[in-house]
Each structure stands twice: as structure tokens, then as C-alpha cells.
Amino acid sequence: MKHFEAVVLDYGGVLATSQWDAFADFERRHGLGPGGLVPYFGIEHDGAPAWHHIETGTLPWGDFAARVVAKAQADGVTLVGVDDLPTLMPLGALWPMVHRVRGLKEEGYRLAILTNNVREFAAYWHTTIPMDLFDVVVDSCEEGIRKPDPEIYRRCAARLGVDPTSCVFLDDSAVNVAAAEEIGMRGVVVGPDIDAAIAALDAALSRPAEGSG
């Protein structure tokens, strides 16, 4: 019987509070309704969403922030603090999940963070959780590719030294989880109830891995 050897976790919304909640708070502080930032943060760059270029390290955050502020200004909207990532996304650890990860390390699992993230945000987010728990960190802005590209999951498994079928993957995006499952990982979609996510993780680990006899 084949058992799981590794657990791979997204950062925002899994190990830390959600960036989407942070954006919602930012909207409220600026008197915008839900989704009020979408017309500005949804700008394109070279024919693709600018956010994708940020997360693959090809568009500096400062350049993006300047364009966002200018576009909002043209609509009569003043956005303050877009250039300051810790102010825009003041994320903090989801300690119940972090404590479960600590337990997984003690149980002998290999551990990785697989995140779509922003190069200029790294100095901040690396301070929000105990990074020494993780054997591998795969960050889209360093890899030049982002989830849900299958290659980024394969790279993560390879650096952990395990087959993808030996990994359980947690993410708050169902699309990203589905992509992980396509290459053989077992997926867990993380919702707002982090205790439920931990229970789902433990249930996934309790079942034989794919390809077991």
C-alpha cells in the first residue's frame, strides 16, 4: 500500500489570511463597493492580465501600482497605498494550519509551499509564518510560471524528491487544486473554515495514495 510522503500548501488563504479579504478591506477603506478594485487591478499587460506578469516576475510591482493609481485617478478615484504591499495585503498566519504543519513535520512528511506570489512581497510574507518548517518553497515569481501550469507542480514534487502521486496539495483556488489533481496529486480545496480544511487534509492523508495496491 502506497502512503503519502509530502504535503504541499499554498500561502495566502491556506497558511495565512486571504489576500482577497485584504483587498476587500482595502476597498472598504477607500469607499469602494465589493469588487471595486477589479477595473484597476484587472488591467492588462502585453495582452494578458497584468497580475499574471507580476506573479511570474516579469512586471515590477512599482510599475503596476503606478498604472493602477493612474487608471483610478482618471475615473476620479484616489487609491492610497497601492505601492506599499504590506499595507495593501497585511496578511497574518492562520495558526491552526501552521500548528498542523508543525505536527506533519514531526510525523516525517516532506513539506512545501507552492505559491503564486509577488517578488517585492517576499521580504514581508516570509516573516508571517515559520519558514523553517518547510523543506521547499516554490514561488511563481522566481520560477517564471504560475499555478495552474502543470510544470510548477511537477517542479515542486521533484524538489521534494517525491512523485506527484505521493503529495497532498492544499489551495484556496479550486482551479489550482484541479490542476494538481490532473498530475496525480490529491487535492484539498481550502475554504473559510480552516478547521474543516485541516480535517479534510487529515482525511486525505489517511487514505492510500494513488496507485496503491
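The values are calculated or read from the model by the stated rules, or taken from the named source; none is laboratory data. Keep in mind that this is a model prediction, so the values were computed, not measured. A quick note on method: Cβ atoms are made from the backbone with ideal geometry, for glycine too, and the neighbour counts reach across all protein chains shown. These area figures cover heavy atoms from the full protein model, side chains too; ligands, DNA and RNA do not enter into them. Shrake-Rupley method; radii C 1.70, N 1.55, O 1.52, S 1.80 Å.
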What ranking, highest mean first, results for peptides 39-49, 149-159, 166-176, 115-125 when packing means the other Cβ atoms within 10 Å averaged over each residue? 166-176, 115-125, 149-159, 39-49
Hey, how many Å between the Cα centroid of region 61-101 and the Cα centroid of region 12-36? 9
Using just the alpha carbons, could you tell me how many Å³ per residue the convex hull of region 63-119 encloses? 101
Return the lysines within reach of residue 2: Cα separation strictly under 26 angstrom, same-chain partners fewer than 8 residues apart disregarded; answer none if there are no such residues. 105
Subtracting the Cα-Cα distance of residue 95 and residue 46 from 0.36 nm times their residue separation yields 13.7 nm
Gain on full stretching of the segment that runs from residue 25 to residue 105 - 0.36 nm per residue minus C-alpha separation: 25.4 nm
Roughly to the nearest percent, how much of the accessible area of the chain is carbon and sulfur, given a 1.4 Å probe? 53
Net charge, residue 10 excluded, C-beta distance under 13 Å - Lys, Arg +1, Asp, Glu -1: -2
When Lys and Arg each count +1 and Asp and Glu each count -1, what net charge do the other residues less than 15 Å away from residue 206, Cβ to Cβ, add up to? 0
Both in Å, the radius of gyration and Dmax of the C-alpha trace of region 67-185 are 16.9, 55
Estimated 222 nm signal from helices in the chain, with DSSP H stretches of n ≥ 4 weighted -39500 (n - 2.57), rounded to 500: -12000 deg cm²/dmol
Normalised per residue, the volume inside the convex hull of the alpha-carbon atoms of region 24-69 in Å³ amounts to 77
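Over 16 Å apart: what share of the alpha carbon pairs of region 117-175 falls there, rounded to a whole percent?
Considering region 117-175, 53 percent of its Cα-Cα pairs are separated by more than 16 Å.
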Excluding ligands, DNA and RNA, what is the solvent-accessible area per residue of the chain at a probe of 1.4 Å, expressed in Å²? 45
Just name one of 188, 138, 34: the one whose Cα is farthest towards the positive end of the charge dipole of the chain (beta-carbon charges, Lys/Arg +1, Asp/Glu -1). 188
The chain, Kirkwood Rh and Cα Rg, ratio Rg/Rh at 1.00
